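Enquirer: One structure is given below, represented as structure tokens, and several questions about it will come after.
The values are calculated or read from the model by the stated rules, or taken from the named source; none is laboratory data. Everything numeric here is computed off the predicted structure, so don't read it as measured data. Cβ placement follows ideal geometry from the backbone for every residue including glycine, while neighbour counts extend to all protein chains displayed. For the accessible areas, the whole protein counts, side chains as well, though only heavy atoms, and no ligand, DNA or RNA atoms are used. Shrake-Rupley method; radii C 1.70, N 1.55, O 1.52, S 1.80 Å.
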Amino acid sequence: QVQLVESGGGLVPPGGSLRLSCAASGRTFSRYAAGWFRQAPGKEREVVATINWSGGSTYYADSVKGRFTISRDNAKNTVYLKMNSLKPEDTAVYYCAADLGWSPVKLPNEYDYWGQGTQVTVTS
């Protein structure tokens, strides 16, 4: 069993930056792939970025490529999402997810564990 808790969301102007954190419980979190997803009002949940168990492989949605960076620190059981050059269209609830198997793009329903989400609002 893995429990995930996101933090770091907030209100930021366009062009600003935020770093989201996802703290995981369990001593075996280093065996899990992880991903960040987001869901805007009225829209489906979409993948933002994913990372394999070691951090050696990552994937980014085209909409965030070059602006967002996913990373992990297995010693701290934490996955991060650094978001730069934020745009109003990045406004959403951001969720962290974990699963034992990794492939670059997995559907949200293929992830076994989810956090409660953290709100990111980009507005002037």
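Enquirer: Among the listed residues 105, 64, 5, identify the single one that is assigned to a strand (DSSP E or B) and aliphatic (A, V, I, L, M).
Expert: Only one candidate qualifies: 5.
Enquirer: Tally the residues that are open to solvent by less than 80 Å² (accessible area, probe 1.4 Å) and either of a type in the set (A, V, I, L, M, F, W, C) or within 13 Å of residue 36 (Cα to Cα) (or both), restricting the search to region 106-124.
Expert: Selection size over region 106-124: 10.
Enquirer: Checking residue 64 against (1) over 21 Å from residue 29 (Cα atoms); (2) open to solvent by 50 Å² or more (accessible area, probe 1.4 Å): exactly one of these is not met. Which one?
Expert: Unmet for residue 64, out of (1) over 21 Å from residue 29 (Cα atoms); (2) open to solvent by 50 Å² or more (accessible area, probe 1.4 Å): (2).
Enquirer: Only one of 100, 81 is of a type in the set (A, V, I, L, M, F, W, C) and open to solvent by 50 Å² or more (accessible area, probe 1.4 Å); which?
Expert: Answer to the check: 100.
Enquirer: Yes or no: residue 80 touching a Lys or Arg at 6+ places or on another chain (Cβ under 8 Å) and in contact (Cβ under 8 Å) with a residue 60 or more places away in the chain?
Expert: Considered against the rule, which asks whether it is touching a Lys or Arg at 6+ places or on another chain (Cβ under 8 Å) and in contact (Cβ under 8 Å) with a residue 60 or more places away in the chain, residue 80 comes out as yes.
Enquirer: Kindly establish whether residue 90 is acidic (Asp, Glu) and open to solvent by less than 20 Å² (accessible area, probe 1.4 Å).
Expert: The answer is yes for residue 90.
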